[in-house]
1. With the crude spin-label approximation of a point 7 Å out along Cα→Cβ, what separation in nm comes out for K218 versus E53?
2. Given a 1.4 Å probe, how much area per residue of the range 78-153 is accessible, in Å²?
3. Tabulate in residue order the Karplus-calculated ³J(HN,Hα) for the range 132-140, using 6.51 cos²θ - 1.76 cosθ + 1.60 with θ = phi - 60°, rounded to whole Hz; enter x for Gly and Pro.
4. Per residue of the range 88-103, what does 6.51 cos²θ - 1.76 cosθ + 1.60 with θ = phi - 60° give for ³J(HN,Hα)? Whole Hz please, x for Gly and Pro, Karplus curve as stated.
5. Within 10 Å, count the other beta carbons around each residue, average over each peptide in 62-72, 239-249, and list them highest first.
6. Among the listed pairs K65/K210; K67/K242; K212/K254, which have their C-alpha atoms separated by more than 24 angstrom in this model?
7. Take each of the peptides 101-110, 139-148, 175-184, average the number of other beta-carbon atoms within 10 Å over its residues, and list them starting from the highest.
Amino acid sequence: MTDGILGKAATMEIPIHGNGEAGQLPEDDGLEQCTKQLLSERFGRGSRTVDLELELQIELLRETKRKYESVLQLGRALTAHLYSLLQTQHALGDAFADLSQKSPELQEEFGYNAETQKLLCKNGETLLGAVNFFVSSINTLVTKTMEDTLMTVKQYEAARLEYDAYRTDLEELSLGPRDAGTRGRLESAQATFQAHRDKYEKLRGDVAIKLKFLEENKIKVMHKQLLLFHNAVSAYFAGNQKQLEQTLQQFNIKLRPPGAEKPSWLEEQ
């Protein structure tokens, strides 16, 4: 009976069995229908429609988002440490420069140490700009792009619950006696079921498309950002100021003048 009514497409109904018992709930509106379906699933009764491939992709997205959130948190911690290091190096360079003026016998030694700290600050500011650009891009990917897709997933999951609720209602009516009264209810249930089936299938398609575009965008963004991060960190620890500056130019990153407020001197063009 259900094959003719439902049409499986890429989904399947998974029966849920259990010993839990739930009392009969009224079925006079959509909210109570969905509540009944939700309780039925939680108590291990009835069945739910499952698109196995899509649900695996959704779970993978949620896992990926958690991992990227961890990278984002660590990246923010790194920028905070770099900023603190820069402040210390700047203060130390000023102290060396002051002592160079006031200690003639150590003027040269204090002087070249002051210049070293000044160079370290300059390179550190460049690295901080690159890391902040990296963090900003990860933040956008996680809090906007991934979150937007997950919002559509939530709508899809709600539509799936509604679809299964009205599917169950239609199946129960179809198995009951056929008389003048039930025929009218059956036709109404069929129309309601079809509307929710259309909504569910549309959102299922929307989720599949968003997951595809998200994956493509993630690869594109992360390819660029990981290259930036690698080149900037490598150049910084190699003491290669020219390569550091070229890295920022390559990714169109402009540094703000020193003294700008925390957390960075970053300004993306």
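The values are calculated or read from the model by the stated rules, or taken from the named source; none is laboratory data. All figures in this text were calculated on a predicted structure; none of them were measured in a lab. A quick note on method: Cβ atoms are made from the backbone with ideal geometry, for glycine too, and the neighbour counts reach across all protein chains shown. Only protein heavy atoms, including side chains, enter the accessible area calculation; ligands, DNA and RNA are left aside. Shrake-Rupley method; radii C 1.70, N 1.55, O 1.52, S 1.80 Å.
1. 1.8
2. Heavy-atom SASA per residue in the range 78-153 reads 50 Å².
3. Result, ordered by residue: 5, 5, 4, 5, 4, 5, 5, 4, 4 Hz.
4. 5, 5, 5, 5, 5, x, 5, 5, 4, 5, 5, 5, 4, 6, 9, 10
5. Details: 62-72: 13.7, 239-249: 15.6.
Averaged packing, sorted descending, gives the order 239-249, 62-72.
6. Details: K65/K210 15 Å; K67/K242 33 Å; K212/K254 32 Å.
Where the Cα-Cα span goes over 24 Å, the pairs concerned are K67/K242; K212/K254.
7. Numbers: 101-110: 11.6, 139-148: 15.0, 175-184: 9.4.
Answer by packing, highest mean first, reads 139-148, 101-110, 175-184.
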